[in-house]
Each structure stands twice: as C-alpha cells, then as structure tokens.
Amino acid sequence: MPSALLRVEAAELPGVRKQYARHQLDGAELKLRGSDGVISVIQECALDNLAPAGGKSNVLVVSGPSGSGKTRVGFEALCRSNGLAGDLLQAIAAKAGCTVLTIPLFIDFNNGYAFDRSVDEDSMDKNLGVRLAARALSELVGRVKDANGRSLDGLYTADVLTAIAKAALRQASEAGASPPGVILLALHLDEYQTYVQNLMKERNHSLDTAVLRFKEMMSAVNNWVSSAEGAVGVKVVFLPVVTGTPVAGLPFVLTDKLRAVLISPGRLVLKTSAELFADVLTAGAERSPLRPSVLEALLVSAEARNALGDTDFLPRHVVYLAREALKVLPASADGAAMVAAIDWAVAMGPVVMSTMRRELVPFADTLALLALSQAPVHLFVPGPSRATPDLERAVIDADVAGVIKLEAAGDGRYVVRVPLVQLRRWGLSSILPARLLFHTICTWQEVEVMVGYCLTAMLQPGLRSKRLFIQDLFPGALGCDELRPRELILEEPRSLYVEQTQFIASSSSVPPKQMVVLARKEFEAMHDEVLLTDGVFLTCPGTAAVDIRCSLRMMPRSGNIGGVLHVFVQTKHSGTSSRVSEVAVDTWYKAVTRATKEWRSDQDQVLFVYFTNKPPTDDGFSALSCSEFFKSRPGLLVVTHDQLSGVLPSFLLTRLVTPAQQERFVA
C-alpha cells in the first residue's frame, strides 16, 4: 500500500471549520441572510440522496458572482450535514433509521489545492485523489506527492476515500460513538472554474474538453460511493456541493449517475443587506437592544443606503463594509448615534470584489465601459480551433478572477456587471468621476452627468458584438417599439463635453442647426470647437428643454445619404415620491419639437428622450402604455422609474431613486 494511504488511515481527520481558510469563514458566525430557500434545498437533496431516484444522486451546483456567498452555502451544507448547525443530521438519521457518520471534506481549487504543474498528471482520478489525501492530512498537495515517492501512484480517488472512511470509523469508535449504519460523504468542491481554466491554459484544452476532464473527478467519487460498502463495510451516501462561476456561461457538466440541482445564494436586497450590516455591528446578537435602532437608522440614512447599494448587496462586501465601519466606531448605547458616526468613505475604502490581476489592468477601462454601457458581449467557447479575441479573453478571465459579474443576455451574449466599490478602486476618473461616487442622494445635475457618461460609454466603438440601432440607445424605454429601426455608425471614441453657451436660451428660442460648438471635456477646463458627432454634450446651465444632446451618423439606406440622428434628452429628477403625468411629457415634447424644428430634414432624424426617476401617475401609466400616444408623437421615448433598470447599470440605480423606490430595484 502506498505510504500516503497508510498515513491517511492513521490520520486525525480535520473538522469542518479547520478545512476552510480564515477569509472564507469571515462572517460565518452570522445568520445566512436571504437564503432560507437555499437551506431547504440542501436538506431536501441530502434526504433524497439516501435513496436517490433512478440511482442518480443530487449534486448541489451553486453558482454566482464573487462575494455572493457561494462558498458560505457549501460551508453551511457541510456544517448542517455534520450536525454543527440545524437539524439536518438528525433528519437524515431518522429517515435512514440508524446512526449516521458524516465525513465532511472541502477542496478549494483556487486556494491551496489549485492546479499545480509539478503535481498534476493526466489522470483526473489521481489528481483529485492527491487533493483528498492532502485534505485528510492537512498538508499541501506537493508535500503529499513528495512523501509518496514524488509520485501519484496508488492515489486513486477510490483508494484515498476508502482510507479516509477507515480513519473516520476509527475516530468515531475511539470517541465511543455507536457503529454507524450509514456514512454520509459531504464533499464541497469550490472554485471549480479556476481548475478548468488552468486545464485550458496549461494543457491547451478547449473549454468543453476541460469541463469534461473535470467531470472525470466527479465520476471517480461517484463510482467509489456506489461500491464503497464492500470496501468499508458501511453503506455510503453522497452529498456533493460544487461552487463556482460557470466559465463563459458554460453550465457544469455531470455524469449520467448524478443530477444537478442548480441554485444560487439568496440575493440580498436593501433590507436584508441592512440586517446583515446590523448583525456585524451588534456581534450577531439577534436580541441585542441596539439592533432595532441600528437597523432603523441604516434604512433611513441616505449615505448608508447608498453605501450598501455600492456593494451591489453582495454579502461579502456588506460584511467587509460593516467590519471597517466598526473599527472606528465609538462605544454607544444608541444605534442611531452609531450609524451617524460612520465615515462611509473611509469604511468603503478597503472594500473590493477581488484584486485586479496584472494581465487585466490594461482592460480596466474597457471593463468599466462595458459595465456602464451594458453593451452585451458575445462570448464564444474558446479553444485551439479558434483564437479568442483580446476583449473576450479579458471578460472571461475577469469573470473567473471575480472582478466582474456576467449576466446572461441571451444568444450567447453577456452583460458585464461591476459594483461601484470596484470601479472606485480602479480609479477611472475619466469614465466615472470621483465626485459622482460620494454617498449622497444625487441632485438633478448629477443625474444628467451620470446619464451622459452612460450614453458616452454606449457609443464607444469596439465594445459591442452586434450592430447598434436607434432602439439600443435607451433599451426598454417607452416608445421604442414605434421607432423606425436605423443602424448607427460608431466611428471614433467619444468623450463627454460641457457646452460653453446655452443651446436653447429661452422657451421661444429656435436655434439653427450648427454642428460645431464650443465645449470642454467634462473633467477639464479648456473650451474648444467640437463636432457634435464627436461626443456627448451636457448643455450649458440654463438651457431650456434639453440637458443632454448628441448627433450620430446613420447607416445609408438603399443608396441614399445616411443622414444624422440628433438626440435630445431632458432629465427630470426628484428626491421625493412625486409622479410624472402624460401632460408633463406632452408639454415638454411640444416645446422641444418646436425649438429643434431646424434640426429635422429629409436625411436627418431627431430623437426626444424624457428621462425621469419618477413613476407615472395612474393616468400617465395608462397613456404611456398605449402605442397611440407615441405614434402621434414621432421620435419620442420616455424613461420613467419603471424603465430605469433597463437603461442604467444597477450600480447607479440606488443613487437615482427615492428611499421608497430603492427596495423595488434590488428585489
């Protein structure tokens, strides 16, 4: 028998908590907020696996972005199946009708158990086996291989698991426990996508081949489970938990004898984020006398709400934020005073999704622009037969590294999401200036600047993997269905400018069509002559009816001159719960169409966008939902509170809506 197996049989197996790194247990003592449904699924899968339907055991496949709580869900599954939390172990024993011995094992393919070219061989069976042996011995995989004669010989998964089971039975017997009738193998495999990506890089595998190779590891475990009773004398039940982010959106592949149960950590919203924050401030004491006042103060504070929103309500970031706030808080018996004393800018400073890897730094601007524009990126499955473009590779690598999130947009396309804390850490002042990142409710001037930056990002060439049409400028806006589809031409990179003089000086002004204006870049002081087709323009303060404008060249149709699309945007922001009526929209439309009549021609088109964070009145909702309203007002688009989430990235929404509206956007 290989020396490594002899050592495993004689080992004192580590408990659940000892298998996780300190940073992975940060916040593990706190209540798992927003995941009651996830806990129920864990329990159902474990019970079903006692007698799996059709002989196929359930595999919990937990996916989600960095910081969303994937690892915590796996940790919770191991704790509950081991009797350290909840009543899952008792429920399993009751259903099995015998004593149950749990063997909890955690393998992190990113930290400590990552792909190692000096260790890993072509056999996935032995590559997992050496990691399981290393876990049982609490050693590094390289040391286990060295002690085994610098070889993986004999370290097949089945043999290592048999040795681990014998060690667990010995430990239970020495502790005076009753002989078990069932062994529950609770196996948590974390960050599997990192191992898959390393197979692609180190072994030159295509993505689908690398995923199939990883599947061989799962097969090796499952094959042992099905025959383990003959080797250890006790029936073995399998509860596998696989956590990570699907590489390039490719779903996790399982064997024919395993059934995937796809889940994600519970999505926090404003209220549950505040509850988690309050948990940290009150040391997790549900009945702390401070907790109600802390929670109430968090929910009524504009700075607190925005700080929580900047984390994108990711549990890890909320916990980090609360811990940083707690470092400088004076002792107080008043929860409201505690919250009022928090310096949110200081507390937010160290909070970040993940460190930007060196090779991704050149793509920071591009990743931020993708997040700001919400431009879908088409991610093909990479492989030896197809060179992956730099942009696609950067997006995939950033997703795997956890510095961005990918949200499926259909047809193989994905939208990049980046919490505001991440953008702030990147320091991209020309893409989103620092003054827009303060923890305050935005004024209407800041709203129009934010909308201007989003529109500027959308119009950058080279970001989109499909053609841009007029309807794509404000996706989901009311009136989009009534616009004639015209393709737009994206040529040179655009900047956001501020005009020097008023475009429309008064309600009676009718400015002539003039394609060159005096303007300065939004973060600079010097004015210069700029073509309207070279940027997005914030109109000079005091301009009537229009806050933002730009001009875009259109693709020629049927041999005709393409012409220019002139876009005019009015932003109507409110810090209260006031509403917008169809009368207000109609009044503005009549005023702006009269003022811009010189800008329409046989070749040129105009687009008028009424942009507001207000919800419509009941009558306004009825009118704005009717296609006839827009057919009689050609070129009109309306963005109300109800369409904001389709037009703006999620990390800006909490800054643009009223307190009463915030919960709706993050639900």
Fill in: Lone qualifier among Leu532, Leu478, Leu488 - being under 13 Å from Arg553 (Cα atoms), open to solvent by less than 50 Å² (accessible area, probe 1.4 Å) and in contact with a Leu (Cβ under 6 Å, 6 or more places away or on another chain)
Leu488
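Kindly indicate whether Gln643 is within 17 Å of Gly476 (Cβ to Cβ) and polar (S, T, N, Q). Quick ask: steps written out before the conclusion?
Working: within 17 Å of Gly476 (Cβ to Cβ): yes; polar (S, T, N, Q): yes.
Yes, satisfied.
Looking at region 54-84, which of the residues that are open to solvent by less than 30 Å² (accessible area, probe 1.4 Å) and aliphatic (A, V, I, L, M) is nearest to the chain's Cα centre (by Cα)? Let's see the steps before the verdict.
Kept after step one, since they are open to solvent by less than 30 Å² (accessible area, probe 1.4 Å), are these residues of region 54-84: 57-62, 64, 66-71, 73-79, 81.
Among the residues that remain, those that are also aliphatic (A, V, I, L, M) are: 59-62, 73, 77-78.
Numbers: Val59: 23, Leu60: 20, Val61: 17, Val62: 14, Val73: 16, Ala77: 22, Leu78: 25 Å.
By that ranking, first place goes to Val62.
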Fill in: Matching residues, region 535-570, being of a type in the set (Ser, Thr, Tyr) and modelled with pLDDT of 90 or more
Thr539, Ser551
Item to complete: Select, from Ile107, Ile39, Ile103, Ile92, the only residue that is outside any strand (DSSP E or B), more than 24 Å from Gln422 (Cβ to Cβ) and touching a residue at least 60 places away in the same chain (Cβ under 8 Å).
Response: Ile92
Worksheet item: Do any residues in region 509-536 that are part of a strand (DSSP E or B) have Cβ atoms under 6 Å from those of residues that are open to solvent by less than 60 Å² (accessible area, probe 1.4 Å) and of a type in the set (S, T, N, Q), where the two are at least six apart or on different chains, and which pairs are they?
Response: Lys521/Ser495; Gly535/Ser495; Val536/Thr456
Practice prompt. Name every residue in region 10-36 that is part of a helix (DSSP H, G or I) and in contact with a Ser or Thr (Cβ under 9 Å, 6 or more places away or on another chain), in order of residue number.
Written response: Lys18, Gln19, Gln24
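Residue by residue through region 316-349, note down the ones that are in a loop (DSSP other than H, G, I, E, B) and in contact with a Leu (Cβ under 9 Å, 6 or more places away or on another chain).
Narrowing region 316-349 to residues in a loop (DSSP other than H, G, I, E, B): 328-334, 341-343, 349.
Selection gives Leu329, Ser332, Ala333, Asp334, Ala341, Ile342.
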Response to the item:
The one condition Thr587 fails out of (1) part of a loop (DSSP other than H, G, I, E, B); (2) surrounded by fewer than 13 Cβ atoms within 10 Å (Cβ to Cβ) is (1)
Practice prompt. Please tell me if Val61 is in a strand (DSSP E or B) and hydrophobic (A, V, I, L, M, F, W, C).
Written response: yes
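Being open to solvent by 20 Å² or more (accessible area, probe 1.4 Å), under 34 Å from the mean Cα position of the chain (by Cα) and not aliphatic (A, V, I, L, M) is the requirement here; does Asp159 meet it?
no
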Worksheet item: On the given criteria, is Val546 part of a loop (DSSP other than H, G, I, E, B), among the β-branched types (Val, Ile, Thr) and either touching a residue at least 40 places away in the same chain (Cβ under 8 Å) or closer than 30 Å to Lys631 by Cβ (or both)?
Response: yes
Worksheet item: When the residues of region 180-198 are filtered to those that are modelled with pLDDT of 90 or more and of a type in the set (A, V, I, L, M, F, W, C), which remaining residue is nearest to Phe115 (Cα to Cα)?
Response: Leu189
Worksheet item: Among the residues of region 172-208, which ones are in contact with a helix residue (DSSP H, G or I) (Cβ under 8 Å, 6 or more places away or on another chain), within 16 Å of Pro14 (Cα to Cα) and open to solvent by 20 Å² or more (accessible area, probe 1.4 Å)?
Response: none
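Yes/no per residue for (1) surrounded by fewer than 20 Cβ atoms within 10 Å (Cβ to Cβ); (2) modelled with pLDDT of 85 or more:
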site: Ser264; (1), (2): yes, yes
site: Leu268; (1), (2): no, yes
site: Ala283; (1), (2): yes, no
site: Glu286; (1), (2): yes, no
site: Val294; (1), (2): no, yes
site: Ala297; (1), (2): no, yes
site: Ala304; (1), (2): no, yes
Worksheet item: Quick one: would you say Leu636 is open to solvent by less than 40 Å² (accessible area, probe 1.4 Å), in contact with a Phe, Trp or Tyr (Cβ under 8 Å, 6 or more places away or on another chain) and modelled with pLDDT of 90 or more?
Response: yes
Discussion item. Cβ-Cβ distance below 6 Å, separation of 6 or more or different chains: which pairs start in region 481-494 with a residue that is more than 16 Å from Leu636 (Cβ to Cβ) and touching a residue at least 40 places away in the same chain (Cβ under 8 Å) and end on one that is among the charged types (D, E, K, R) and open to solvent by 50 Å² or more (accessible area, probe 1.4 Å)?
Written reply: Glu487/Arg467; Ile489/Arg553
Worksheet, complete the sentence: Scanning region 365-420 residue by residue, the ones that are touching a helix residue (DSSP H, G or I) at 6+ places or on another chain (Cβ under 8 Å), at pLDDT below 75 and of a type in the set (Lys, Arg) total 0
Worksheet item: Using beta carbons and a limit of 9 Å, which pairs, at least six apart or on different chains, have the first residue in region 153-172 and free of Cβ contacts under 8 Å to residues at least 60 places away in the same chain and the second one open to solvent by less than 20 Å² (accessible area, probe 1.4 Å)?
Response: none
Worksheet item: Which of (1) open to solvent by 80 Å² or more (accessible area, probe 1.4 Å); (2) in contact with a Phe, Trp or Tyr (Cβ under 8 Å, 6 or more places away or on another chain) is the odd one out, the single condition Cys550 does not satisfy?
Response: (1)
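Kindly evaluate Ala228 against the criterion of being assigned to a helix (DSSP H, G or I), in contact with a strand residue (DSSP E or B) (Cβ under 6 Å, 6 or more places away or on another chain), over 25 Å from Pro265 (Cα atoms) and open to solvent by less than 40 Å² (accessible area, probe 1.4 Å). If you could, list the steps in order and put the result at the bottom.
Numbers: assigned to a helix (DSSP H, G or I): yes; in contact with a strand residue (DSSP E or B) (Cβ under 6 Å, 6 or more places away or on another chain): yes; over 25 Å from Pro265 (Cα atoms): yes; open to solvent by less than 40 Å² (accessible area, probe 1.4 Å): yes.
The answer is yes for Ala228.
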Fill in: Yes/no for Met526 being within 26 Å of Ile431 (Cβ to Cβ), at pLDDT 90 or above and of a type outside the set (Gly, Ala, Ser)
yes
Response to the item:
Screening Glu628, Glu663 for residues that are charged (D, E, K, R), surrounded by fewer than 17 Cβ atoms within 10 Å (Cβ to Cβ), more than 20 Å from Lys405 (Cα to Cα) and at pLDDT below 70 leaves only Glu663
Worksheet item: Looking at region 493-508, which of the residues that are β-branched (Val, Ile, Thr) and part of a loop (DSSP other than H, G, I, E, B) is surrounded by the fewest Cβ atoms within 10 Å (Cβ to Cβ)?
Response: Thr501
Practice prompt. Just give me the residues in region 458-475 being open to solvent by less than 30 Å² (accessible area, probe 1.4 Å), more than 20 Å from Val546 (Cα to Cα) and in contact (Cβ under 8 Å) with a residue 40 or more places away in the chain, in sequence order.
Written response: Gln460, Leu463
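The values are calculated or read from the model by the stated rules, or taken from the named source; none is laboratory data. From a predicted model like this one, the values you see are computed outputs, not experimental measurements. Every residue, glycine among them, receives a Cβ derived from its backbone with ideal geometry; neighbour counts consider all protein chains shown. Remember, those area values only see protein heavy atoms, side chains included, never the ligands or the DNA or RNA. Shrake-Rupley method; radii C 1.70, N 1.55, O 1.52, S 1.80 Å.
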